Number of protein chains: 2
Amino acid sequence: MTSSFVINKLVVIGIGLIGGSLATGLKKRGACREVIGIARRQDTCDQAVALGVVDRAYLSLAEIAAELGEGDVVFIAVPTLAVEQTLRDIRQHISPAVTLTDGASVKGSVISAAEAVFGELPAQLVPGHPIAGSEKSGVMAANPDLYENHRVILTPVASTGEDHLRRVSCMWQAVGAEVLSMSVEEHDQVLAATSHLPHAIAYSLVDTLAQDIGNPNIFRYAAGGFRDFTRIASSDPVMWHDIMRANKTCVIQALDLFIDNLMRLRAGIETENSEYLLDMFTRAKDARDKFTRMLAQDHSSHK
Amino acid sequence: MTSSFVINKLVVIGIGLIGGSLATGLKKRGACREVIGIARRQDTCDQAVALGVVDRAYLSLAEIAAELGEGDVVFIAVPTLAVEQTLRDIRQHISPAVTLTDGASVKGSVISAAEAVFGELPAQLVPGHPIAGSEKSGVMAANPDLYENHRVILTPVASTGEDHLRRVSCMWQAVGAEVLSMSVEEHDQVLAATSHLPHAIAYSLVDTLAQDIGNPNIFRYAAGGFRDFTRIASSDPVMWHDIMRANKTCVIQALDLFIDNLMRLRAGIETENSEYLLDMFTRAKDARDKFTRMLAQDHSSHK
């Protein structure tokens, strides 16, 4: 039987923002035959089905493993440090013909987990990372258009199967994403700088104000700019705990570069070095303005 | 002649975002008889009149000083470190009956400037600071509703005249702002933590990525969250140079508390101290969620 489905069945392990948004995005676009969810709690299963995010939901992969074969995709969307245990379940139950991919924000730790579980990297595994998210989490936050005009980075390795890679690329394109490819190492460095470092800073800034400044009314005087600046500090603590640990080396490198830069700024303020302050602020403004123009162009070229 | 005007004439020195928004906000609400702008460049004068931001505009305060008396307000909206020179012009030309106020983000430096210029703090001076802004600047960015539902902090001192204080309060209320009062010291500490520190961090983060990371494509992989997080790094460099210098002591204190907090986070990541990371991220998320609920309540109670 032929069909216009991009993939056959999608199994989402972990029905939160990332997994739920892919599930409902593919359903909305008629891009897969059926979406099956796997969650740790019956509540989440019931809610995901009731919301129409998935067609069916189960507590265990074992219950549906026998249904899956070539053309089906398992998407691992659990917190980064839970990927290894999930891969053990998969190895035990799922056929090597099924395509595996994931949405973890750190790719080195997924590769290590797969090596630990499979002994070598299986052809069926396509490590991936959708660069999209929200400070919201959970199945209620699932959004079929979350990936529209967003980038997905795949980090295939030498052993990755061509068919599996093609299937995962098509799946992400079907929900409106642009698919890029890079090495595991470059991915983890780039994400440490553009995402993990900003989250570390945002959490630390809010904690400084809440704990260290010693003024219980401090937030009363913060304005809308502060709300935007600290939005990412409302992100899920467990998810970010996992990411910081999993990408420890790259995050520490990025943090050290930032702390050095901030210490130079501190010195510039202390010595009232106008030239340094004006140069640095102007350089940063130019870089940030250029970045937003690039984002705007990307969005208009996608339309 | 009686009228329903809240103030008589408003003179705005510096017709940028802050001054222009007050001017056009009062005009839109019929809250003052006439708005006069003073700018350093003829271009700005012409543009401000053409845009309807002010009724008339001049290059020098001397040209209109003779018109001003009791009931009129001069609003100083120049970069923080230019306030002292502006106060010298005012002292030379403007009657002590005219109310003076300002919008500088640092109040200690305005008080010092006024003491240097007047010898003592004049009764006519009401130091103030509207907690509103944008990464945009200049007269084109003037917005009559900028202050709607925003806070304005006044920092009157012992010598401040009651009538002048009342007039400035009414002026800000007329454009929809909530007026609060606090000491100069508390203002400068609170703003260092909630505004000046976040701007220092945002500039430094963008500069770290642009200069220090060593990947010319780094911004290509940053997503919408990064755009929001760094929005304030597009703010006016001269304005922020002045603020960092003028509030040097409080900014350094806040920076040091933040750097200490960030170093503790760095240690937590390096030692994979899960308890520390989860506690800190959860504490920060809770504080930030509480803050946004408070902002939402404020906005609904204003409606």
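Quickly run through the stretch B:126-175 and pick out the residues that are assigned to a helix (DSSP H, G or I) and hydrophobic (A, V, I, L, M, F, W, C).
B:Val139, B:Met140, B:Ala141, B:Leu165, B:Val168, B:Cys170, B:Met171, B:Trp172, B:Ala174
Please go through the stretch B:261-284 and give me each residue that is within 7 Å of another protein chain (Cβ to nearest Cβ) and not aliphatic (A, V, I, L, M), ordered by number.
Within the stretch B:261-284, B:Asn261, B:Arg266, B:Glu270, B:Glu272, B:Ser274, B:Phe281, B:Thr282, B:Arg283 qualify.
Looking at the stretch B:112-131 only, could you name the residues that are over 20 Å from B:Arg166 (Cβ atoms) and either of a type outside the set (S, T, N, Q) or crowded, with 24+ Cβ neighbours inside 10 Å (or both)?
Once the filter is applied, which keeps residues that are over 20 Å from B:Arg166 (Cβ atoms) and either of a type outside the set (S, T, N, Q) or crowded, with 24+ Cβ neighbours inside 10 Å (or both), the stretch B:112-131 yields B:Ala113, B:Glu115, B:Ala116, B:Val117, B:Phe118, B:Gly119, B:Glu120, B:Ile131.
Could you tell me whether the stretch A:104-126 includes any residue that is touching a helix residue (DSSP H, G or I) at 6+ places or on another chain (Cβ under 6 Å) and of a type in the set (Ser, Thr, Tyr)?
yes
Which of (1) surrounded by fewer than 18 Cβ atoms within 10 Å (Cβ to Cβ); (2) under 24 Å from A:Val238 (Cα atoms) is the odd one out, the single condition A:Gly108 does not satisfy?
The one condition A:Gly108 does not meet is (1).
Would you be able to tell me the number of residues in the stretch A:142-163 that are within 14 Å of chain B (Cβ to nearest Cβ) and either among the basic types (Lys, Arg) or more than 13 Å from the chain's Cα centre (by Cα) (or both)?
Within the stretch A:142-163, residues that are within 14 Å of chain B (Cβ to nearest Cβ) and either among the basic types (Lys, Arg) or more than 13 Å from the chain's Cα centre (by Cα) (or both) number 6.
Among the residues of the stretch A:8-31, is there at least one that is more than 24 Å from A:Cys170 (Cβ to Cβ) and either in a loop (DSSP other than H, G, I, E, B) or not charged (D, E, K, R) (or both)?
no
Just one of (1) farther than 21 Å from B:Gly225 by Cα; (2) modelled with pLDDT of 95 or more; (3) among the acidic types (Asp, Glu) trips up A:Asp207, so point out which.
Condition not satisfied by A:Asp207: (1).
Scan the stretch A:3-11 and give yes if some residue there is modelled with pLDDT of 95 or more and buried (at least 24 other Cβ atoms within 10 Å of the Cβ), otherwise no.
Checked the stretch A:3-11: at least one residue is modelled with pLDDT of 95 or more and buried (at least 24 other Cβ atoms within 10 Å of the Cβ).
Of all residues in the stretch A:212-229, count the ones that are facing chain B (nearest Cβ under 7 Å) and either free of Cβ contacts under 8 Å to residues at least 24 places away in the same chain or in a loop (DSSP other than H, G, I, E, B) (or both).
Qualifying residue count for the region: 12.
Just to be sure, is B:Val53 touching a residue at least 40 places away in the same chain (Cβ under 8 Å), closer than 18 Å to B:Asp102 by Cβ, assigned by TED's automatic domain parsing to the domain that holds B:Gly138 and buried (at least 21 other Cβ atoms within 10 Å of the Cβ)?
No; evaluated as a whole, the condition is false for this residue.
From the list B:Val175, B:Val190, B:Val157, which residue is more than 24 Å from A:Arg231 (Cα to Cα) and crowded, with 21+ Cβ neighbours inside 10 Å?
B:Val175
Could you list, in sequence order, all residues of the stretch A:184-208 that are closer than 25 Å to B:Val251 by Cα, touching a Ser or Thr at 6+ places or on another chain (Cβ under 7 Å) and either without any contact (Cβ under 8 Å) to a residue 12 or more places away in the chain or of a type outside the set (A, V, I, L, M, F, W, C) (or both)?
A:His199
Count, please, the residues in the stretch A:208-226 that happen to be among the charged types (D, E, K, R) and farther than 22 Å from B:Met263 by Cα.
Of the residues in that region, 1 qualify.
Starting from the stretch A:230-244, take each residue that is under 10 Å from A:Thr80 (Cβ atoms) and list its partners that are of a type in the set (Asp, Glu), counting only C-beta distances under 8 angstrom and pairs at least six apart or across chains.
Between residues of the stretch A:230-244 that are under 10 Å from A:Thr80 (Cβ atoms) and residues that are of a type in the set (Asp, Glu), there is no close pair.
I need a count of the residues in the stretch B:64-87 that are exposed (fewer than 14 other Cβ atoms within 10 Å of the Cβ) and either touching a Gly at 6+ places or on another chain (Cβ under 8 Å) or part of a helix (DSSP H, G or I) (or both).
3
Looking at the stretch A:233-257, which of the residues that are crowded, with 23+ Cβ neighbours inside 10 Å and more than 25 Å from A:Gly14 (Cβ to Cβ) is farthest from the other protein chains (Cβ to nearest Cβ)?
If we take residues in the stretch A:233-257 being crowded, with 23+ Cβ neighbours inside 10 Å and more than 25 Å from A:Gly14 (Cβ to Cβ), then A:Ala254 is farthest from the other protein chains (Cβ to nearest Cβ).
Only one of B:Leu191, B:Leu180 is within 12 Å of chain A (Cβ to nearest Cβ), closer than 24 Å to B:Asp145 by Cβ and either charged (D, E, K, R) or outside any helix (DSSP H, G or I) (or both). Can you tell me which?
B:Leu180
The values are calculated or read from the model by the stated rules, or taken from the named source; none is laboratory data. Keep in mind that what you see is a predicted model, and the values were worked out from it rather than measured. Every residue, glycine among them, receives a Cβ derived from its backbone with ideal geometry; neighbour counts consider all protein chains shown.
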